[in-house]
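Trainee: This is the structure I have questions about; it appears just below.
The values are calculated or read from the model by the stated rules, or taken from the named source; none is laboratory data. Every value quoted in this text rests on a predicted model; they were computed, and no experiment measured them. Here the Cβ positions follow ideal geometry from the backbone for every residue, glycine too, while neighbour counts run over all protein chains shown.
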Amino acid sequence: MRLRLGLDVGGTFTDIVATDLDTGTAWARKIASTPDDPSRAILDGAAELLVEAGATGSDVVFFGHGTTVVTNMIVERKGDRLALVTTKGFRDVLELGRQSRPHVYDYRITRPAPLALRRDRFEVSERISAASEVLTPLDTKELEEIAATIRSRNIEAVAICFLHAYADPRHEKAALEHLQDLLPDVFLTTSHAVAPEYREFERASTTAMNGYVGPRAKRYFGRLADGLVAMGLDSPLYTVTSNAGLIDLPAVQALPVRTALSGPAAGVAGIGRMLSGLDLGDLVTFDVGGTSTDVAVISGDKPRLARVRSVAGHPVLAPMVDIEVIGAGGGSLARLDDAGALVVGPESAGADPGPVAYQRGGTCPTVTDAALSMGWLDPDVRLGGKLAVDTAAATAAINEQIAKPLALSTGEAAEGVVAIATANMARVIRSVALARGFEPSDMTLVAFGGAGPLMGARVAEGLGMSRVVVPLQPGTLCARGLLVSDVARDFSLTRIMPLSADTAPEIESAFVSMESEGAQWLNSLGTSPQDHRFERQIEVRYRGQSFEITVPADATDTPETLRDRFETAHRLEQGYDLPDRDVDVVTLRLKASTTPAREHKVAQNASSTAAKARSRLIHIDGTLQTAAISQRDALVPGSRIEGPAILEEMTATTLIPPGWTAEVMPDGTLIMTWRPKND
């Protein structure tokens, strides 16, 4: 037996999946997350799954995990005390930021406080120009004085960010060497290692964030690795980054900021691979968990990437899957506001206490409670195969807190809760698609997560979409995405220069240098050089512009072909091009990757024998209707199901409303199509 394990830690549940490389047999389970120590749920869940599979730790050949630990530390401001060491005159770069405002007309706007207190931000005499000219030598005596102050204040992390270090990191490297000797027990990080790109504020913010979360993240990943070793696992620990690539333990401990938005990235990237053979066109992924919903666009089987994103108001300069997060999920709280209007979210019941139906002390009804009270979820279900629910308690909470005050029936109130939640989700999906140049009604919605298949059709109706896809084992798809992810790491280098024949050799030399660095990292993991892949990209812009567009590059490309590619992308994104304007190169990017051994197709355990027919009354479209109930794993390829119907499986429930038809594809994927009544 050779097992590959994937674990995804969410705000409410931790998902664990495993596949046997030899047989293709698959296992999956959900357990409640442990927010006080996420590694506990990971280790407990992995141990339970190994017992179920009849395996031991020594049978595990791959262990990948996705986590929100770093994101939560930033959002909740639970990092360690941080010092910033920067060039004289730039102490307040984190405070000044940019002139842009997230809400233009909000005159009472508040910006997040810098991650380093002003008194913990230190200036040192040094200066290197963007052309690598040393204007002021590094003053090591000042560094020694700064180190003494840092020691006296028990500061646990230091971020070093010097002006123009992206172009010439000599002074940063020298400062790092000095501080390593002077502060041996302090977490040290430098901007040239974290984000070697220009734009001073974003580079400083990313470096500061890496330092702020560094000590605790390093301890968390180390504790997890030790726990796995204690279980007998000798396979390396891989963690998914924000660009959906997997990196090893030393890399993630040095660069934890790379996981700042990694939680749903593996699922989005996995969707592109899993559905690539179905010719579904452009996709919108719809990942609904207990706490939030994650939305992304996939075009050409690949998710769109963003270069700068914000975490709790702090910009992060790193390639990441372009995901929008909505504060709405199965655990979103439903309540009446001061005006007596029904409001759903963004507050969530989370894993503890959870929905009322979980019987863990929750008193405020949630979307999950509403679904139970309408009969959309099996009242005898055990969520994730373990957690029993109390439908009567859920119904009572909906009735007392929402239905009676609004003079509605319980079914009407519950349907209103779900309608508001799906409307909120549809509104964000529409804005995400339109902002990226896509018309939602022309796209396919891919519903997954614990609650995505339950709400996918209703959201699609609100967007005018006629097709919804539900992958196999949708409730654990992010964990499954880890099993099809590449081991990958991004490298970047800012080199502002004209795009011309004269600069082509310099561009090629820079790419070759990054490829050498990428190969060195891949070799350190024991991977085969013949399996190494290097993907080049180049960020270019018209001279005078303040934004860049990323286009693919190749060693055989000429400046003319790169310009043509850029102008095609510019017309697509901006609606015009400037053929007479000079084009400048800004940043070169390289993705070094390799593909580990992957699982066989997930076994469906399908049977040609039809499951025993069942049905139950559900409240839908304002009335009680009889819905056919089927076990999804009992459906064979080619099966067609007319709504209203419900498909049940261990990790999720799929609702097929009236007017929808679902068909099972040869690989087990479910495709739902809608024909509106006026068609």
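Trainee: Sort out which residues of segment 387-430 are within 20 Å of VAL288 (Cβ to Cβ) and either without any contact (Cβ under 8 Å) to a residue 24 or more places away in the chain or not in a helix (DSSP H, G or I) (or both), and write them in order of number.
Mentor: Passing the criteria: LEU387, VAL389, ARG427.
Trainee: Separate question: What's the number of the only condition in (1) outside any strand (DSSP E or B); (2) surrounded by fewer than 24 Cβ atoms within 10 Å (Cβ to Cβ) that ALA328 fails to meet?
Mentor: With respect to (1) outside any strand (DSSP E or B); (2) surrounded by fewer than 24 Cβ atoms within 10 Å (Cβ to Cβ), ALA328 is out only on (2).
Trainee: Same structure again: Of all residues in segment 248-273, which are part of a helix (DSSP H, G or I) and more than 26 Å from THR422 (Cα to Cα)?
Mentor: LEU249, PRO250, ALA251, VAL252, GLN253, ALA254, PRO256, VAL257, ARG258, THR259, ARG273
Trainee: A further question follows. Of the residues that make up segment 151-163, is at least one hydroxyl-bearing (Ser, Thr, Tyr), surrounded by fewer than 21 Cβ atoms within 10 Å (Cβ to Cβ) and either touching a Lys or Arg at 6+ places or on another chain (Cβ under 7 Å) or closer than 29 Å to VAL311 by Cα (or both)?
Mentor: No: zero hits.
Trainee: Moving to a separate point now. Looking at (1) surrounded by 20 or more Cβ atoms within 10 Å (Cβ to Cβ); (2) in a helix (DSSP H, G or I); (3) in the same structural domain as GLU95 (by TED's automatic domain parsing), which is the only condition ALA193 fails?
Mentor: With (1) surrounded by 20 or more Cβ atoms within 10 Å (Cβ to Cβ); (2) in a helix (DSSP H, G or I); (3) in the same structural domain as GLU95 (by TED's automatic domain parsing) applied to ALA193, the lone miss is (1).
Trainee: So for segment 359-367 (the condition being farther than 19 Å from ALA419 by Cα and either in contact with a Lys or Arg (Cβ under 6 Å, 6 or more places away or on another chain) or among the basic types (Lys, Arg) (or both)), does at least one residue qualify?
Mentor: Checked segment 359-367: at least one residue is farther than 19 Å from ALA419 by Cα and either in contact with a Lys or Arg (Cβ under 6 Å, 6 or more places away or on another chain) or among the basic types (Lys, Arg) (or both).
Trainee: Please determine, by comparing only the residues of segment 345-392 that are at pLDDT 90 or above and either of a type in the set (Lys, Arg) or more than 22 Å from GLU648 (Cα to Cα) (or both), which one is surrounded by the most Cβ atoms within 10 Å (Cβ to Cβ).
Mentor: Step by step, filter segment 345-392, then rank; the result is PRO365.
Trainee: So which of LEU454, LEU434, LEU372 ends up being free of Cβ contacts under 8 Å to residues at least 40 places away in the same chain, part of a helix (DSSP H, G or I) and under 30 Å from ASP301 (Cβ atoms)?
Mentor: LEU434
Trainee: Here is a further query. When you scan segment 42-61, do you find a residue that is in the same structural domain as VAL252 (by TED's automatic domain parsing), under 25 Å from MET209 (Cβ atoms), under 24 Å from the mean Cα position of the chain (by Cα) and not in a strand (DSSP E or B), even just one?
Mentor: Yes, because at least one residue in segment 42-61 is in the same structural domain as VAL252 (by TED's automatic domain parsing), under 25 Å from MET209 (Cβ atoms), under 24 Å from the mean Cα position of the chain (by Cα) and not in a strand (DSSP E or B).
Trainee: Given the criterion under 23 Å from the mean Cα position of the chain (by Cα) and farther than 27 Å from LEU617 by Cβ, identify the matching residue among ALA447, ALA423, ALA435, ALA451.
Mentor: Answer to the selection: ALA435.
Trainee: Looking for whichever is in contact (Cβ under 8 Å) with a residue 12 or more places away in the chain and either polar (S, T, N, Q) or more than 21 Å from GLU177 (Cβ to Cβ) (or both) here; the options are ARG151, ARG127, ARG111. Which one fits? Write out each step before concluding.
Mentor: Working: ARG151 fails: either polar (S, T, N, Q) or more than 21 Å from GLU177 (Cβ to Cβ) (or both); ARG127 fails: either polar (S, T, N, Q) or more than 21 Å from GLU177 (Cβ to Cβ) (or both).
Selected residue: ARG111, the only one of ARG151, ARG127, ARG111 that is in contact (Cβ under 8 Å) with a residue 12 or more places away in the chain and either polar (S, T, N, Q) or more than 21 Å from GLU177 (Cβ to Cβ) (or both).
Trainee: Under 6 Å between Cβ atoms, which residue pairs at least 6 apart in sequence (or on different chains) link something in segment 40-68 that is free of Cβ contacts under 8 Å to residues at least 12 places away in the same chain with a partner that is in a loop (DSSP other than H, G, I, E, B) and among the polar types (S, T, N, Q)?
Mentor: Pairs that qualify, where the first residue is free of Cβ contacts under 8 Å to residues at least 12 places away in the same chain and the partner is in a loop (DSSP other than H, G, I, E, B) and among the polar types (S, T, N, Q), are ARG40/THR34.
Trainee: Related question: So for segment 565-584 (the condition being of a type outside the set (A, V, I, L, M), under 30 Å from LEU275 (Cβ atoms), assigned to a loop (DSSP other than H, G, I, E, B) and at pLDDT 90 or above), does at least one residue qualify?
Mentor: No, every residue in segment 565-584 fails to be of a type outside the set (A, V, I, L, M), under 30 Å from LEU275 (Cβ atoms), assigned to a loop (DSSP other than H, G, I, E, B) and at pLDDT 90 or above.
Trainee: Next question, about the same structure. Does LEU233 count as of a type outside the set (Asp, Glu), more than 19 Å from the chain's Cα centre (by Cα), farther than 20 Å from VAL75 by Cβ and outside any helix (DSSP H, G or I)?
Mentor: yes
Trainee: Looking at ARG258 and the list (1) in contact (Cβ under 8 Å) with a residue 12 or more places away in the chain; (2) over 12 Å from the mean Cα position of the chain (by Cα), which single condition is not satisfied?
Mentor: With respect to (1) in contact (Cβ under 8 Å) with a residue 12 or more places away in the chain; (2) over 12 Å from the mean Cα position of the chain (by Cα), ARG258 is out only on (2).
Trainee: Here's something else I'd like to know. Quick check on segment 472-497: of everything there that is part of a loop (DSSP other than H, G, I, E, B) and touching a strand residue (DSSP E or B) at 6+ places or on another chain (Cβ under 6 Å), which residue is surrounded by the most Cβ atoms within 10 Å (Cβ to Cβ)?
Mentor: Among those residues, the one meeting the criterion is SER485.
Trainee: Give me the residue from segment 226-278 that is out of contact with any Phe, Trp or Tyr (no Cβ under 9 Å at 6 or more places or on another chain) and acidic (Asp, Glu) and, out of that set, farthest from GLN520 (Cα to Cα).
Mentor: Per the stated criteria, the residue is ASP226.
Trainee: Check off (1) of a type in the set (A, V, I, L, M, F, W, C); (2) at pLDDT 95 or above; (3) touching a strand residue (DSSP E or B) at 6+ places or on another chain (Cβ under 7 Å) for VAL512 and give me the number that stays unchecked.
Mentor: Among (1) of a type in the set (A, V, I, L, M, F, W, C); (2) at pLDDT 95 or above; (3) touching a strand residue (DSSP E or B) at 6+ places or on another chain (Cβ under 7 Å), VAL512 violates only (3).
Trainee: Output the residue which, of all residues in segment 76-117 that are of a type in the set (A, V, I, L, M, F, W, C) and surrounded by fewer than 14 Cβ atoms within 10 Å (Cβ to Cβ), is farthest from ALA174 (Cα to Cα).
Mentor: Here the answer is VAL104.
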